[in-house]
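Note sheet for the following structure.
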Amino acid sequence: MISRRDLLRLSALAGIAPLLPALARDLKPPDYKIDISPITLDLSPRRRLTTTAYNGQVPGPLLRFKENQTVSIEVTNHTDRPEVVHWHGLFTPPGMDGAIEEGTPPIPAGSSGRYSFTPRPAGFRWYHTHTMAMNDLTRGQYSGQHGFLLIEPREDSARYDQQFFLALHDWAGYQLANEDGAMNPSYAVATINGKAMGSGEPLRVKQGQRVLLHVLNSSPTEVHWIALAGHSFRVVALDGNPVPTQRMIPMLRLAPAERISAVVEMNNPGIWVLGEVRRHVQALGMAMAIEYENKAGAPRWEQPSDLVWNYEQFAAGQPAGRLSEPAIVVPLVFESKFRGHGAMEAWTINGQSYPNAKVAPLIQGRRYRLQFINKSMDDHPLHLHRHSFELRTLGAPLTAAPRAVPDEIGGIVKDVLLVDSKTRAEVEFTADNPGASLFHCHQQNHMDLGFMMLFDYA
């Protein structure tokens, strides 16, 4: 069996490797350039680390694309290993998506390659590395290789005075082994935009402004809860897709790879803390100051009493009507496999780990209903490449008696869904972007240990 690490090594040496440099021979200059290189990052005055980043900064540069206007991005790999850049949430061809499993060629060490595609759909997306990490806590999503990506519609009717982009990230210190052999990272620092509380610049606002916050959870493994003391959020989009019903809520919850866009009315002058609701995570640094004009003093925090969140609150009033042709149901059962004391566990989909986990090829144009059946003890942020899906049923306990017609929701479109332990959920999507499409848990340690599979089109 060839592992992702073996595939990286082989593709750097032969066959696949020349393809991206060949694309770079296009005579037209690229629209954007990204350098992948090691940097020294000061998370705080007492915390410095060496990581890999884009263009020497964490997060990487904000990329703004116009929907349906073709772009090209030249990527130069200054590291000592092959790399790819994944354009998360975009409907790209598989060869440009940035996943080796789909056929995107890796960029060899010391080489350049070019990605070219027509960006769609409009909304808040992001880009990041899609390589293995295993026990190396400096690689993959443990590193600083992530950046914001905004695909702008031809007409932007949003009403706001300022917009800010915020990335939540955890920086691992070492691995912890559970009794069953599972390896989980222990985090030493947690940041917003690469800075611990007090080390970065505050967000400066004025009274009466409408501020649009685009929040990304780029953490390798951790779910985060975010509140802004003295204020509420009006959620307008999930994973870059407008929600059917906007809600005013006290906090946001983001699983790894999820994004939330929310408007905050700046109607409570002062200096406030925006940060992780859980005290022990905020203490690691995941917080920043929001500073009103002409206000001074220490930032204030108000501790919420509960963790409050559910997807359903943003759904349409009524679910969409049923299709004339029923969706094809695809059950996907998630479990971990104990492989002996001292050995790392394996994650399985329908009893198999990648690359052996498979389902029947998809039929182009057909509607599919994926049943996420999480039999494991972990929650899983599940991501489908090159497509978006609509949430249909959520959070049903596995022990609950089945109902002939489950309660359904409609209108919430995402590309990542957090499925709780011992529950099931269902989503639907249309197979309208042919080619291999990777499906996986977005926790780096779960993906590394086999929690992936490819959907392919007939």
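Filter the stretch 69-98 down to the residues that are small (Gly, Ala, Ser) and either modelled with pLDDT under 95 or surrounded by 21 or more Cβ atoms within 10 Å (Cβ to Cβ) (or both) and list them by number. Reasoning before the result, please.
Looking only at the stretch 69-98, we keep the residues that are small (Gly, Ala, Ser), and these are 72, 89, 95, 98.
Result: Gly89, Gly98.
In this structure, does Gly110 turn out to be touching a strand residue (DSSP E or B) at 6+ places or on another chain (Cβ under 8 Å) and surrounded by fewer than 24 Cβ atoms within 10 Å (Cβ to Cβ)?
Details: touching a strand residue (DSSP E or B) at 6+ places or on another chain (Cβ under 8 Å): yes; surrounded by fewer than 24 Cβ atoms within 10 Å (Cβ to Cβ): yes.
Criteria met by Gly110.
If I filter the stretch 335-345 for residues that are open to solvent by 10 Å² or more (accessible area, probe 1.4 Å) and at pLDDT 95 or above, do I get at least one hit? Walk me through it before giving the result.
Keep residues of the stretch 335-345 that are open to solvent by 10 Å² or more (accessible area, probe 1.4 Å), which gives 335-345.
Right, trim to at pLDDT 95 or above and you get 335.
Yes, because at least one residue in the stretch 335-345 is open to solvent by 10 Å² or more (accessible area, probe 1.4 Å) and at pLDDT 95 or above.
Given the conditions (1) modelled with pLDDT under 95; (2) open to solvent by less than 10 Å² (accessible area, probe 1.4 Å), which single one is not true for Asp136?
Every condition holds for Asp136 apart from (2).
List pairs: first residue in the stretch 288-316 and more than 26 Å from Pro202 (Cβ to Cβ), second residue open to solvent by 70 Å² or more (accessible area, probe 1.4 Å) and part of a strand (DSSP E or B) anywhere in the structure, Cβ distance under 7 angstrom, at least six positions apart or on different chains.
That search, which allows pairs on different chains as well, returns Gln313/Arg247; Phe314/Arg247.
Which residues, taken from the stretch 105-122, are of a type in the set (Ser, Thr, Tyr) and not in a strand (DSSP E or B)?
Across the stretch 105-122, the qualifying residues are Ser111, Thr118.
Taking the stated definitions as given, is Val235 open to solvent by less than 10 Å² (accessible area, probe 1.4 Å) and under 30 Å from Gly140 (Cβ atoms)?
Values: open to solvent by less than 10 Å² (accessible area, probe 1.4 Å): yes; under 30 Å from Gly140 (Cβ atoms): yes.
Considered against the rule, which asks whether it is open to solvent by less than 10 Å² (accessible area, probe 1.4 Å) and under 30 Å from Gly140 (Cβ atoms), Val235 comes out as yes.
Within the stretch 246-285, how many residues turn out to be closer than 30 Å to His440 by Cα and of a type in the set (A, V, I, L, M, F, W, C)?
Result for the stretch 246-285: 11.
Within the stretch 110-122, can one find any residue that is among the β-branched types (Val, Ile, Thr), within 15 Å of Glu67 (Cα to Cα) and under 17 Å from the mean Cα position of the chain (by Cα)? Quick ask: steps written out before the conclusion?
Residues of the stretch 110-122 among the β-branched types (Val, Ile, Thr): 118.
Subsequent filtering for residues that are within 15 Å of Glu67 (Cα to Cα) retains 118.
When the remaining residues are screened for being under 17 Å from the mean Cα position of the chain (by Cα), the result is none.
Checked the stretch 110-122: no residue is among the β-branched types (Val, Ile, Thr), within 15 Å of Glu67 (Cα to Cα) and under 17 Å from the mean Cα position of the chain (by Cα).
Hey, can you tell me all the residues within the stretch 130-159 that are touching a residue at least 60 places away in the same chain (Cβ under 8 Å) and either aromatic (Phe, Trp, Tyr) or touching a helix residue (DSSP H, G or I) at 6+ places or on another chain (Cβ under 8 Å) (or both)?
Selection gives Thr131, Met132, Ala133, Met134, Gly140, Gln141, Tyr142, Phe148.
What's the number of the only condition in (1) in a loop (DSSP other than H, G, I, E, B); (2) surrounded by 14 or more Cβ atoms within 10 Å (Cβ to Cβ) that Phe65 fails to meet?
Status for Phe65: all satisfied but (1).
Having 2 or more residues that are modelled with pLDDT under 95 is the bar; report the strands (runs of 3 or more DSSP E) wholly within the stretch 140-219 that clear it.
On the way: elements: 146-152, 162-177, 183-192, 203-205, 210-217.
Counting at least 2 such residues, we get 162-177, 183-192.
Restricting to the stretch 70-104, give me the number of residues that are among the acidic types (Asp, Glu) and in a helix (DSSP H, G or I). Walk me through how you get there before you give the answer.
Of all residues in the stretch 70-104, those among the acidic types (Asp, Glu) come to 74, 80, 83, 97, 101-102.
If we keep only those that are in a helix (DSSP H, G or I) too, we end up with 101-102.
Qualifying residue count, the stretch 70-104: 2.
Determine, yes or no, whether Pro105 is closer than 22 Å to Thr50 by Cβ and touching a helix residue (DSSP H, G or I) at 6+ places or on another chain (Cβ under 8 Å).
So Pro105 fails the test.
Tally the residues that are part of a strand (DSSP E or B), open to solvent by less than 20 Å² (accessible area, probe 1.4 Å) and more than 20 Å from Val333 (Cα to Cα), restricting the search to the stretch 409-431.
Counting residues in the stretch 409-431 that are part of a strand (DSSP E or B), open to solvent by less than 20 Å² (accessible area, probe 1.4 Å) and more than 20 Å from Val333 (Cα to Cα) gives 1.
In the set Arg210, Arg234, which member is within 23 Å of Asn310 (Cβ to Cβ) and basic (Lys, Arg)? Before the answer, list the steps.
On the way: Arg210 fails: within 23 Å of Asn310 (Cβ to Cβ).
Testing whether each residue is within 23 Å of Asn310 (Cβ to Cβ) and basic (Lys, Arg) leaves just Arg234.
Give me the pairs: first residue in the stretch 215-235 and under 18 Å from Ser261 (Cβ atoms), second residue of a type in the set (Asp, Glu) and buried (at least 19 other Cβ atoms within 10 Å of the Cβ), beta-carbon distance under 6 Å, and six or more apart or on different chains, which are they?
Filtered contacts from the stretch 215-235: Asn217/Glu258; His224/Glu276.
Could you go through the stretch 209-217 and let me know if any residue there is in contact with a Pro (Cβ under 6 Å, 6 or more places away or on another chain) and open to solvent by 20 Å² or more (accessible area, probe 1.4 Å). Working first, answer last.
First, the residues of the stretch 209-217 that are in contact with a Pro (Cβ under 6 Å, 6 or more places away or on another chain): 217.
Narrowing the set further to residues that are open to solvent by 20 Å² or more (accessible area, probe 1.4 Å) leaves none.
No; the residues of the stretch 209-217 include none that is in contact with a Pro (Cβ under 6 Å, 6 or more places away or on another chain) and open to solvent by 20 Å² or more (accessible area, probe 1.4 Å).
Scan the stretch 351-397 for residues that are open to solvent by 20 Å² or more (accessible area, probe 1.4 Å), part of a loop (DSSP other than H, G, I, E, B) and closer than 16 Å to Leu438 by Cβ and jot them down.
Ser353, Tyr354, Pro355, Asn356, Lys358, Val359, Pro361, Ser388
Does the stretch 239-281 hold any residues that are surrounded by fewer than 17 Cβ atoms within 10 Å (Cβ to Cβ) and of a type in the set (S, T, N, Q), and which are they?
Within the stretch 239-281, Thr245, Gln246, Asn267, Asn268 meet the criteria.
The values are calculated or read from the model by the stated rules, or taken from the named source; none is laboratory data. Note that this is a predicted model, so its numbers are computed, not measured. Virtual Cβ from ideal backbone geometry, glycine too; neighbours counted across all protein chains shown. The area values use the complete protein model at the heavy-atom level, side chains included, leaving out ligands, DNA and RNA. Shrake-Rupley method; radii C 1.70, N 1.55, O 1.52, S 1.80 Å.
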